[in-house]
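Reviewing the structure listed below.
The values are calculated or read from the model by the stated rules, or taken from the named source; none is laboratory data. This structure is a prediction, so every number in the text was calculated from the model and none was measured. Every residue, glycine among them, receives a Cβ derived from its backbone with ideal geometry; neighbour counts consider all protein chains shown. Heads up: the accessible areas ignore ligands, DNA and RNA and are worked out on the full protein's heavy atoms, side chains in. Shrake-Rupley method; radii C 1.70, N 1.55, O 1.52, S 1.80 Å.
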Amino acid sequence: SITGLVGPDADRAFREFIRTGLPPPGLTGGQQLLQVHHPEMPNPQALRWSVEVERRIGQDAWVTAGYSGLSATGMPLVVNRNLRPAVATLPSGKSDYQAVGPQAASRLWDPRFGQVYIVDGLGESDYHGGTISLRKRFSNEFGMNASYTFSRAIDNGP
């Protein structure tokens, strides 16, 4: 079971844990979860921009190209600070940070806790997207529209 503490109770429990090394009452037995929010976490910030250009080509045809982007910083990011550096490698060649199985305790800084999460404003995100479209108008109220969109989002957290 997971017990949650918020507000002044959470602050007192965390200070007591730092001072004594003992988890708060009600959080004993098994691998426990400790989650702490940075007390001076910055407000997230985002900057968004876009531009679109349309040009007539021919008598009844238009081409439109557009771009938009977004950059965000200071987003809340949850990081497990209880994991030791990876000692194993996954078949993909990436480091294996999992702390499961019989050797789990050796992969943790403090084996009393399965996870010690620190929530801090470390999250960053970037988005870039582009569009291009072609419109053609025919007689008798008919037309054709073809478009293509490309976008990419990159971030350091979910």
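Is it the case, given these coordinates, that Gly69 is in contact with an Asp or Glu (Cβ under 8 Å, 6 or more places away or on another chain), modelled with pLDDT of 85 or more and surrounded by 13 or more Cβ atoms within 10 Å (Cβ to Cβ)?
Here the answer is yes, as Gly69 does meet what is asked.
Look through region 102-133, keep the residues that are open to solvent by 70 Å² or more (accessible area, probe 1.4 Å) and part of a strand (DSSP E or B), and return whichever of them is modelled with the lowest pLDDT.
This residue is Leu122.
Name the residue that is modelled with the lowest pLDDT, counting only residues in region 19-55 that are open to solvent by 70 Å² or more (accessible area, probe 1.4 Å) and more than 28 Å from the chain's Cα centre (by Cα).
Only one residue fits best here, namely Thr28.
Please find, among Val87, Val78, the residue that is among the hydrophobic types (A, V, I, L, M, F, W, C), surrounded by 15 or more Cβ atoms within 10 Å (Cβ to Cβ) and either out of contact with any Ser or Thr (no Cβ under 7 Å at 6 or more places or on another chain) or over 30 Å from Ile18 (Cβ atoms) (or both).
Val78
All but one of (1) open to solvent by less than 60 Å² (accessible area, probe 1.4 Å); (2) in contact (Cβ under 8 Å) with a residue 24 or more places away in the chain hold for Ala146, so report the exception by its number.
It fails just one condition, (2).
Which of (1) surrounded by 10 or more Cβ atoms within 10 Å (Cβ to Cβ); (2) out of contact with any strand residue (DSSP E or B) (no Cβ under 8 Å at 6 or more places or on another chain); (3) of a type outside the set (Phe, Trp, Tyr); (4) modelled with pLDDT of 80 or more is the odd one out, the single condition Glu141 does not satisfy?
Glu141 satisfies every listed condition except (1).
Would you pick out the residues in region 38-86 that are assigned to a strand (DSSP E or B) and free of Cβ contacts under 8 Å to residues at least 12 places away in the same chain?
Across region 38-86, the qualifying residues are Glu54, Arg55, Arg56.
Looking only at residues in region 105-136 that are charged (D, E, K, R) and under 13 Å from the mean Cα position of the chain (by Cα), which one is nearest to Val79 (Cα to Cα)?
Applying the filter and picking the extreme gives Asp120.
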